[in-house]
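S.K.: This is the structure, below, for whatever I ask next.
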Amino acid sequence: ANWFPYMVGSTEPAFSNAPPKNVSYTPLPKASKKWNVCVSFPHMKDAYWLGVDYGVTEEAKRAGVKLQLVEAGGYTNLGKQISQIEDCVAAGANAVIIGGISADGLNNLIKSVSAKKIPVIDLVNGINSPDISAKSLVSFYTMGYSTGEYLAKKHPKGTPAVKVGWFPGPAGAGWVEAAHKGFMEATKNSALKVLDPKYGDTGKEAQSKLVEDVLQANPDIKYIAGTAVTAEAAQGIVKSRNLAGKVQLLSFYITPGVYDGIKQGQIMASPADSMVIQGRIAVDQAVRLLEGKPVLKHVGPKIFVVDQKNIGKIVKDTILPPDSFSPVFNVN
Amino acid sequence: MNESTVNKPTAMPWVISGPKTLFRWGLKIGVLPIFLGLALIVFGSLSDQFLTVQNFINLLRQSVYLILVSLGQMLVLISGGFDLSVGTVLAITSVVSSMTMSYLSHQGFSPEWVIALGCLAGLVSAFVVGSLNGMGVSLFKVSPFIMTMGVQSIGFGFALYLTGGVPVSGLPSEFGDVFGFGDIFGMPAPVFICVVGAVLVWLLMERTAAGRHLHAVGGNARAAELSGIRSGRMLMMAYVLCAGLAAIAGLLLTARTGSGEANIGGTVALESIAACVIGGVSLRGGIGKTINVVLGAIFIVLVQNGMNIANIGSYLQMVVLGGLLIIAVITDQLRQKYLV
Amino acid sequence: MNESTVNKPTAMPWVISGPKTLFRWGLKIGVLPIFLGLALIVFGSLSDQFLTVQNFINLLRQSVYLILVSLGQMLVLISGGFDLSVGTVLAITSVVSSMTMSYLSHQGFSPEWVIALGCLAGLVSAFVVGSLNGMGVSLFKVSPFIMTMGVQSIGFGFALYLTGGVPVSGLPSEFGDVFGFGDIFGMPAPVFICVVGAVLVWLLMERTAAGRHLHAVGGNARAAELSGIRSGRMLMMAYVLCAGLAAIAGLLLTARTGSGEANIGGTVALESIAACVIGGVSLRGGIGKTINVVLGAIFIVLVQNGMNIANIGSYLQMVVLGGLLIIAVITDQLRQKYLV
Amino acid sequence: MDDILLEVTGLGKQYPGVKALDDVSLCLHKGEVLALFGENGAGKSTLISIIAGAQTPSEGKLTLLGNDCQFQTVLEARKHGISAVFQEFSLVPSLTVAENLFLGEEPTRFGLVNQSAIQQQAKQLLAQLGFDIPLSAKVGSLGRAHQQMVEIAKAFRHPVKLLILDEPTASLSDKETRQLFAFVERLKKEGVGILYITHRMQEIRAIADRVAVLRDGKHIGTVDAKVTAEERLIEMMAGRAIDNIYPKIAANPKEVLLAIQHVSTLSGVKDASITVRRGEVVGLAGLVGCGKSELLRAAFGIDKVTQGEVLFKGRSIKNHHPSSMWKSGFFYLPPDRRAEGLFLSFSSRSNITIPALRHDKHRSRLGGLSPRRELGTAKSLAKRVELHDRNLHKAVGLLSGGNQQKALFARGLSTDIDLYVFDEPTVGVDVGTRSALYELIRELCESGAAVVVISSDLPEVMHLSHRLYVMSHGRVVSELAGEQLTESNVLQHFFDKEEALS
Ligand SMILES: Nc1ncnc2c1ncn2[C@@H]1O[C@H](COP(=O)(O)OP(=O)(O)OP(=O)(O)O)[C@@H](O)[C@H]1O
Ligand SMILES: Nc1ncnc2c1ncn2[C@@H]1O[C@H](COP(=O)(O)OP(=O)(O)OP(=O)(O)O)[C@@H](O)[C@H]1O
Ligand SMILES: [Mg+2]
Ligand SMILES: [Mg+2]
């Protein structure tokens, strides 16, 4: 089944923070020639970026373009990401799609790349460069925000205060800070009392430790919100401390693990940003730019919160990769 | 070689101040117990949640993994080497064992068998990694640093290739219930296993010829050979056991997380070495005491746990932890000086 | 000590096979040039984009940062130490310098001044970190591993505290234009600076008394002391210079990224040590050649670059890179054997 | 007297647990050689290391040419014209000979090291001492003997008023020793004062003017070297009389234990053949670098045998691992105890028992290793080599040279051994200890073991061995026994190049 037409929010004028208008997005049926597209990820170590990988590679196959994917191995390797993108260009990429490690750190590079008439597309993470040709993303700010919003609705100002443990992810990573800002913004004027953020690598043992300690320090905690890894790790801990039902878990982005968690009622909710679609759209934007076709420069899938109520209704493989999928780095 | 530098005792008046007797006593038992004591007091006063039984158990359970890995690391350090691949071993064991388990349970084996075979598979993969390291170091005389770093990279690539970074789910729930959250003789299962492991390592190092020979190889490889020790075998043993202990930690972690993860153990290599060094293990080989290494590991975990509970901001935590490591070692240096 | 173990030459028929003369010649010039040559051939055949002028320049520019850091690392390793804090130095320099710059340019200073003062601030902060390391190691005799690891953690916490994890923007564009993308004498500016740096380090180590003394301190600290060398000062020098070189790399990277980043240089510490070791630097101190270290760094970058261009999947890349490191060192071991 | 060069008054040094020096007073005149004589651990090295600025005294003072001095560093002492050759080498293995010679005082030009100057100054230096060592060789690749020469040469980098030599000939063989003495004579004429530490009587006779005897850190007395009788000196040193230090070893050769046939090695041995029988002591002599060590190192499995055959108890053991050699009863005592023998950071106890840990007598009831029984073994062995119990728990690196050597001997007794190979068995060992060790060798031999003694100390090999092989340039050039075994005979063979023994 085709993924399109797909309801997306399109920002007009592009790259402004005007509220996005709802439009239905339909990609080109096929690319006119076998363009050589290069995709750069911060890393390929978790289910989220695996999902994006699924999106870009599937779309490349569908549109019939060549695609090479590189990953920098982690959010502390900006230098490596720069080198990799340079290598892509050296290897003759026609367009570059970047899931940036840093919002500003790639600006110079992007300037020099776009100077070569190579369109640069900003995927998922958000980059501030003026030389970006198109953006396909739901900013992590929005993700954090909608997570916070979801909770704030449940506990409006005036209702009894509740404590929320907050685990945004590895300190210093761009997406973490963005999500943090959004979440705080959304929970600002509500009954929610958000404990100060516990940063930590998105490895399960690291997050488990943090969750255990926070539960230890604040027995009266009601919600645990954070990365997908946090939510997944917390399930076992909550069960073992038989706090099931007393403490609710939320993730600010969705992964297969979180999806199952919600299905089984162990995780309360998570906003879905359909990273698969973001990937698909980015590739289509690249093709359109290369072929000079009209292009929506700044779009992101409509974001919606998945919880027990609506999880039955949504189509899994638009927001998540199939379980069988394993990473693909090349499409020829 | 810096240790061996001719050092004229740099006078440190402030150390001697304070009650003499206490000071003497401190010199005896070493700095780690004292630091642990201080940490307990400080964090206890910072949060009333800290000095609770539950948190104590919690703390022990958290320490288990680092302790096990550090014990392995100690063996390698004593042999005069290095093991940067422990993190990978954790990852590989977790991935391999859980993939095996989920496969077998789909085949409808009984949980006992699934778990047993799964763990076996994990241990075997760890054994492979360990013997790779051992062979490189003993046979081909590759610098342990490069050898284990190379293997680390290879192994991680392999683990990611197997999983694509996606957690491997579908483990029999019994696995988690027993080895993750279960109790044995009133102790949390992981703690129990860790204690057993520590005792065995202690026996090996203090009460067997092999242990002594390992010390010897680290102390002076050439002399060891001439005194009829096959240093090759000793090195092999060190690296295999190290991988083995890391594998056990990996299995326990898997039981705890309930899924196979390629992304566990990112920082464990450096942390375990740190635990050993503040436990008084020499990076030049030949020197190291099991008990102190255990204390070292506990110290690191305790500080992290304490700071989390005392609600200290993450950035500050990095600073404090780094500072404490250094101070601990400095104090130990001074102790050495005043001991004589 | 493993190096010095009694080694029965493990027969390696394949090494001797192939034209004898070529083999002899190979023994002379060492393995790195050969491996570099092979890499060029292999990747050249894998992709026609590889052996292009553009990619060559590209490759050089990328190597700059690792080369500079590795040179610093070499000094510390030769002194018998270790520097795990180079990554932090990169980060701190980047953050401090760019914060200074953006502040000053808001004050409306002229770009020249802004850049000059900014770089100065960065270098000063690096100097602080370096002398911290040096003091801990030389004065308090802290194991270099712990000392630099501690400082690394402290520094990173500090850098994050300064920026809150958000990139610092607002640098004068001239900075990037000149030091990031500019040319000097037809060479990319970073490359030029790197060459200068390498030459200076070479002079220091091969042609000055200080360099000799550093070798001596690492080779036999006691001997050094008895020959009237102040090993304390030498260690201090090593760590400060190491931080200094890392700082230059940090500034160049900042010029390239156009923003101050707390999260650059995550893996640079291990990579730089790896570059040194495959460049023949001994982790036990006293041994190391500048040129080989440069080659080692280039080798690592070249392989990564080549694999990217030959678009090899990144999981496979990890495996290949790890394997190559090991093989390079093994080959060198064999070479040593046949040399005698 | 006005020609007093150095005066030491009331010098004392306290080490943890040991008072290494106790109220020592001496004086040294210009142009005289004062020999320091004393048992291992008497405090000789400590004394000179204080004079040379490597250690600081706990009490007492030094007077150099009438004015007090208290050196903090070796460099400071050297500035005052005091330079020392220490017992433990202070060389950097990774640097070349030339670089080591000028370490710390490289001649520079425009801030850069002046290579050519170093090269030619180094050449001069070695030339005047009559040593020939490749200037550009890495020190680490040299044999102990060559390293010793470099160490000595270092002391003469610049004009010296006071020269200190701590057992400089320990690993030199006669040729170099004679060259060294000649040079010392020259220095004496130039009015240089020399402090000379040795354990070898004949050396004291050869160059010393006066002998200062130390015992347990105390200065027993200073006597004239030329007139005082040997027995008297030894008595002062040991506090008891020791008659003839070389024991008479009864020879009753039995079956051949070790047969080395036409062996060549990478380390320079060429087509060498020797046989060793039970119940006899076989000596190996030759110039430095003649390969006498290498020959048996090859047999023991350290160096690789490239040609020929090695038979032990009739079995071929060519290129076996040392550990299987131990098991089959072959013990090799390495010449460089610090580099190849001891685990310096370990207690002497562990050093002694390490090869025997697997032995059942060290098993506890539960089958593990029993520290108590191990200690028992260590104690009894220590007694056999006359190593004092208090040293058992000290780190062996802190023991004096002689005691280290005793510990090394004790290790050889820890398991059942049939063939003992002693390579430079008494390097830096005092006369008392030596007689004890020789006594041990006698016991071993007479109780039916085979013994090989490799030594650069000619009297030693000659007195101990029943048969003596002389090696030169990696070849066994002669086999001497009985009457032929005379110094002149041996020396004459040292230098013949051609005609290997058939
Ligand atoms: N660094 C040290 N720490 C503790 N004790 C030491 C140290 N150095 C030497 N000693 C002790 O001081 C005493 C004197 O040692 P010293 O080396 O001066 O003896 P020596 O006369 O030189 O013996 P030898 O003839 O064997 O060289 C010995 O008992 C030795 O164990
Ligand atoms: N570890 C080593 N590495 C390289 N060469 C060595 C080593 N040890 C000894 N040699 C060289 O091998 C030759 C023999 O060594 P050595 O000096 O031991 O001679 P030797 O026959 O044992 O005489 P002696 O026993 O008096 O030293 C010498 O040329 C020496 O330089
Ligand atoms: Mg001495
Ligand atoms: Mg010899």
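The values are calculated or read from the model by the stated rules, or taken from the named source; none is laboratory data. In this text, all values refer to a predicted model and were calculated from it rather than measured experimentally. Reconstructed Cβ throughout: ideal geometry from the backbone, glycine too, with neighbour counts over all protein chains shown.
S.K.: Can you find even one residue in region D:72-86 that is buried (at least 17 other Cβ atoms within 10 Å of the Cβ), touching a Pro at 6+ places or on another chain (Cβ under 8 Å) and away from chain C (no Cβ under 13 Å)?
M.R.: Yes, region D:72-86 contains at least one residue that is buried (at least 17 other Cβ atoms within 10 Å of the Cβ), touching a Pro at 6+ places or on another chain (Cβ under 8 Å) and away from chain C (no Cβ under 13 Å).
S.K.: Would you check if residue A:317 is out of contact with any Lys or Arg (no Cβ under 9 Å at 6 or more places or on another chain), among the acidic types (Asp, Glu) and crowded, with 23+ Cβ neighbours inside 10 Å?
M.R.: Details: out of contact with any Lys or Arg (no Cβ under 9 Å at 6 or more places or on another chain): yes; among the acidic types (Asp, Glu): yes; crowded, with 23+ Cβ neighbours inside 10 Å: no.
Judged against the criteria, residue A:317 is not a match.
S.K.: May I pose another question? Kindly evaluate residue A:40 against the criterion of being touching a helix residue (DSSP H, G or I) at 6+ places or on another chain (Cβ under 8 Å), exposed (fewer than 15 other Cβ atoms within 10 Å of the Cβ) and in contact (Cβ under 8 Å) with a residue 40 or more places away in the chain.
M.R.: On the way: touching a helix residue (DSSP H, G or I) at 6+ places or on another chain (Cβ under 8 Å): yes; exposed (fewer than 15 other Cβ atoms within 10 Å of the Cβ): no; in contact (Cβ under 8 Å) with a residue 40 or more places away in the chain: yes.
No: the conditions fail for residue A:40.
S.K.: If only one of D:431, D:421 is closer than 24 Å to residue D:284 by Cα and within 16 Å of ligand 2 (Cβ to nearest atom), which one is it?
M.R.: Details: D:431 fails: within 16 Å of ligand 2 (Cβ to nearest atom).
So the residue among D:431, D:421 that is closer than 24 Å to residue D:284 by Cα and within 16 Å of ligand 2 (Cβ to nearest atom) is D:421.
S.K.: Could you list, in sequence order, the residues of region B:252-284 that are within 11 Å of chain A (Cβ to nearest Cβ) and not in a helix (DSSP H, G or I)?
M.R.: Across region B:252-284, the qualifying residues are B:258, B:259, B:260, B:261, B:262, B:263, B:264, B:265, B:266, B:267.
S.K.: Hey, another quick one. Quick check on residue B:249: is it within 14 Å of chain A (Cβ to nearest Cβ), farther than 24 Å from residue B:176 by Cα and in contact with a Leu (Cβ under 6 Å, 6 or more places away or on another chain)?
M.R.: It is false that residue B:249 is within 14 Å of chain A (Cβ to nearest Cβ), farther than 24 Å from residue B:176 by Cα and in contact with a Leu (Cβ under 6 Å, 6 or more places away or on another chain).
S.K.: Please go through region C:285-311 and pick out each residue that is outside any helix (DSSP H, G or I) and either of a type in the set (Gly, Ala, Ser) or buried (at least 21 other Cβ atoms within 10 Å of the Cβ) (or both). Working first, answer last.
M.R.: Taking region C:285-311 first, the residues outside any helix (DSSP H, G or I) are C:285-289, C:310-311.
Selection gives C:285, C:286, C:288, C:310, C:311.
S.K.: Starting from residues that are surrounded by fewer than 20 Cβ atoms within 10 Å (Cβ to Cβ) and part of a loop (DSSP other than H, G, I, E, B), keep the ones in region D:289-317 and report whichever is farthest from ligand 4 (Cβ to nearest atom).
M.R.: First pass over region D:289-317, keeping only residues surrounded by fewer than 20 Cβ atoms within 10 Å (Cβ to Cβ): D:289, D:304, D:306-309, D:311, D:313-316.
In the following step, the residues that additionally are part of a loop (DSSP other than H, G, I, E, B) were identified as D:289, D:304, D:313-314.
Details: D:289: 9, D:304: 17, D:313: 25, D:314: 28 Å.
Selected residue: D:314.
S.K.: Moving on. Given the conditions (1) within 16 Å of ligand 3 (Cβ to nearest atom); (2) assigned to a helix (DSSP H, G or I); (3) under 24 Å from residue D:459 (Cα atoms), and given that residue D:170 satisfies all but one, which numbered condition is not satisfied?
M.R.: Of (1) within 16 Å of ligand 3 (Cβ to nearest atom); (2) assigned to a helix (DSSP H, G or I); (3) under 24 Å from residue D:459 (Cα atoms), only one is false for residue D:170: (2).
S.K.: Now for a different question. Take the residues of region C:209-246 that are among the basic types (Lys, Arg) and in a helix (DSSP H, G or I): which is farthest from the other protein chains (Cβ to nearest Cβ)? Lay out the reasoning, then the answer.
M.R.: Let us first name the residues in region C:209-246 that are among the basic types (Lys, Arg), namely C:212, C:222, C:230, C:233.
Filter again for in a helix (DSSP H, G or I), leaving C:212, C:222, C:233.
On the way: C:212: 6, C:222: 6, C:233: 12 Å.
This residue is C:233.
S.K.: Determine whether residue D:28 is farther than 23 Å from residue D:393 by Cα and either surrounded by fewer than 23 Cβ atoms within 10 Å (Cβ to Cβ) or more than 10 Å from ligand 3 (Cβ to nearest atom) (or both). Spell out the reasoning first.
M.R.: Details: farther than 23 Å from residue D:393 by Cα: yes; either surrounded by fewer than 23 Cβ atoms within 10 Å (Cβ to Cβ) or more than 10 Å from ligand 3 (Cβ to nearest atom) (or both): yes.
Yes; evaluated as a whole, the condition is true for this residue.
S.K.: Which of the numbered conditions does residue D:18 fail, given that it passes all the others? Conditions: (1) more than 22 Å from residue D:158 (Cα to Cα); (2) more than 16 Å from ligand 3 (Cβ to nearest atom); (3) surrounded by fewer than 21 Cβ atoms within 10 Å (Cβ to Cβ); (4) more than 14 Å from chain C (Cβ to nearest Cβ).
M.R.: (2) is the only condition that residue D:18 fails.
S.K.: Can you report the number of residues in region A:74-117 which are within 7 Å of another protein chain (Cβ to nearest Cβ), more than 23 Å from the chain's Cα centre (by Cα) and part of a loop (DSSP other than H, G, I, E, B)?
M.R.: Of the residues in that region, 2 qualify.
S.K.: Residues of region B:151-200 being facing chain C (nearest Cβ under 9 Å) and β-branched (Val, Ile, Thr), which ones?
M.R.: B:151, B:154
S.K.: Same structure, new question: Quick one: how many residues across region D:321-341 are at pLDDT 90 or above, among the small types (Gly, Ala, Ser) and either crowded, with 17+ Cβ neighbours inside 10 Å or closer than 14 Å to residue B:221 by Cα (or both)?
M.R.: Selection size over region D:321-341: 3.
S.K.: Oh, and also: Among the residues of region D:190-206, count how many are more than 16 Å from ligand 3 (Cβ to nearest atom) and either at pLDDT below 90 or small (Gly, Ala, Ser) (or both). Break it down into steps so the answer makes sense when it comes.
M.R.: Initially, region D:190-206 is screened for residues more than 16 Å from ligand 3 (Cβ to nearest atom), giving D:190-194, D:201-202, D:205-206.
Narrowing further to those that are either at pLDDT below 90 or small (Gly, Ala, Ser) (or both): D:190-191, D:193, D:201-202, D:205-206.
Within region D:190-206, residues that are more than 16 Å from ligand 3 (Cβ to nearest atom) and either at pLDDT below 90 or small (Gly, Ala, Ser) (or both) number 7.
S.K.: Turning to a different aspect of this structure: Need pairs with beta-carbon distance below 6 Å; first residue under 14 Å from residue D:34 (Cα atoms) and in contact (Cβ under 8 Å) with a residue 40 or more places away in the chain and within region D:212-227, second assigned to a loop (DSSP other than H, G, I, E, B) and not aromatic (Phe, Trp, Tyr); sequence gap 6+ or separate chains.
M.R.: Going by the 6 Å Cβ cut-off, the qualifying pairs are D:214/D:42; D:214/D:43; D:225/D:208; D:225/D:209.
S.K.: Name the residue, out of D:478, D:414, D:455, that is over 20 Å from residue D:237 (Cβ atoms) and within 16 Å of ligand 4 (Cβ to nearest atom).
M.R.: On the way: D:478 fails: within 16 Å of ligand 4 (Cβ to nearest atom); D:414 fails: within 16 Å of ligand 4 (Cβ to nearest atom).
One residue alone meets the criteria, D:455.
S.K.: In addition: Give me a count of the residues in region C:285-324 that are of a type in the set (Val, Ile, Thr) and at the interface with another protein chain (Cβ under 7 Å from one of its Cβ atoms). Write out each step before concluding.
M.R.: Filtering region C:285-324 down to residues of a type in the set (Val, Ile, Thr) leaves C:287, C:290-291, C:293-294, C:298, C:300-301, C:303, C:309, C:312, C:319-320.
The next check asks that each one be at the interface with another protein chain (Cβ under 7 Å from one of its Cβ atoms); those that pass are C:287, C:309, C:319.
The number of residues fulfilling the criteria is 3.
S.K.: Against the definition (out of contact with any Leu (no Cβ under 6 Å at 6 or more places or on another chain), buried (at least 23 other Cβ atoms within 10 Å of the Cβ) and either assigned to a loop (DSSP other than H, G, I, E, B) or of a type in the set (Lys, Arg) (or both)), how does residue C:50 come out, yes or no?
M.R.: Spelling it out, residue C:50 is indeed out of contact with any Leu (no Cβ under 6 Å at 6 or more places or on another chain), buried (at least 23 other Cβ atoms within 10 Å of the Cβ) and either assigned to a loop (DSSP other than H, G, I, E, B) or of a type in the set (Lys, Arg) (or both).
S.K.: So which of C:296, C:265, C:279 is on the phi > 0 side of the Ramachandran plot and in contact (Cβ under 8 Å) with a residue 60 or more places away in the chain? Spell out how you get there, then give the answer.
M.R.: Numbers: C:296 fails: on the phi > 0 side of the Ramachandran plot; C:279 fails: on the phi > 0 side of the Ramachandran plot.
Answer to the check: C:265.
S.K.: Given the conditions (1) farther than 27 Å from residue D:169 by Cα; (2) within 14 Å of chain C (Cβ to nearest Cβ); (3) within 16 Å of ligand 1 (Cβ to nearest atom), and given that residue D:56 satisfies all but one, which numbered condition is not satisfied?
M.R.: That leaves (1) as the condition not met.
S.K.: Working only within region D:411-459, note down all residues that are assigned to a helix (DSSP H, G or I), away from ligand 1 (no atom under 16 Å from the Cβ) and among the aliphatic types (A, V, I, L, M).
M.R.: Filtering region D:411-459 down to residues assigned to a helix (DSSP H, G or I) leaves D:411-413, D:431-446, D:458-459.
Subset that is away from ligand 1 (no atom under 16 Å from the Cβ): D:411-413, D:438-446, D:458-459.
Correct list: D:413, D:440, D:441, D:444, D:458.
S.K.: Outside any loop (DSSP other than H, G, I, E, B), in contact (Cβ under 8 Å) with a residue 24 or more places away in the chain and of a type outside the set (Phe, Trp, Tyr): is that true of residue A:262 in this structure? Quick ask: steps written out before the conclusion?
M.R.: Numbers: outside any loop (DSSP other than H, G, I, E, B): yes; in contact (Cβ under 8 Å) with a residue 24 or more places away in the chain: yes; of a type outside the set (Phe, Trp, Tyr): yes.
The answer is yes for residue A:262.
S.K.: Mind checking which residues of region D:372-410 are within 13 Å of chain B (Cβ to nearest Cβ), near ligand 1 (Cβ under 9 Å from one of its atoms) and either of a type in the set (D, E, K, R) or under 22 Å from residue D:439 (Cβ atoms) (or both)?
M.R.: D:394, D:404
S.K.: Being in contact with a Lys or Arg (Cβ under 6 Å, 6 or more places away or on another chain) and either farther than 21 Å from residue A:151 by Cα or among the aliphatic types (A, V, I, L, M) (or both) is the filter here, so list the residues in region A:215-228 that pass it.
M.R.: Result: A:221, single match.
S.K.: Continuing with this model, one more query. Looking at this structure, is residue D:20 within 17 Å of residue D:195 (Cα to Cα), within 11 Å of ligand 1 (Cβ to nearest atom) and touching a residue at least 40 places away in the same chain (Cβ under 8 Å)? Give the steps one after another, and end with the answer.
M.R.: Numbers: within 17 Å of residue D:195 (Cα to Cα): no; within 11 Å of ligand 1 (Cβ to nearest atom): yes; touching a residue at least 40 places away in the same chain (Cβ under 8 Å): yes.
No, not satisfied.
S.K.: Could you tell me how many of the residues in region A:61-73 are within 13 Å of another protein chain (Cβ to nearest Cβ), under 30 Å from residue A:2 (Cβ atoms) and crowded, with 22+ Cβ neighbours inside 10 Å? Reasoning before the result, please.
M.R.: From region A:61-73, those within 13 Å of another protein chain (Cβ to nearest Cβ) are A:66-73; that's our starting set.
Narrowing further to those that are under 30 Å from residue A:2 (Cβ atoms): A:66-71.
Remaining after also requiring crowded, with 22+ Cβ neighbours inside 10 Å: A:67-71.
Final tally of qualifying residues: 5.
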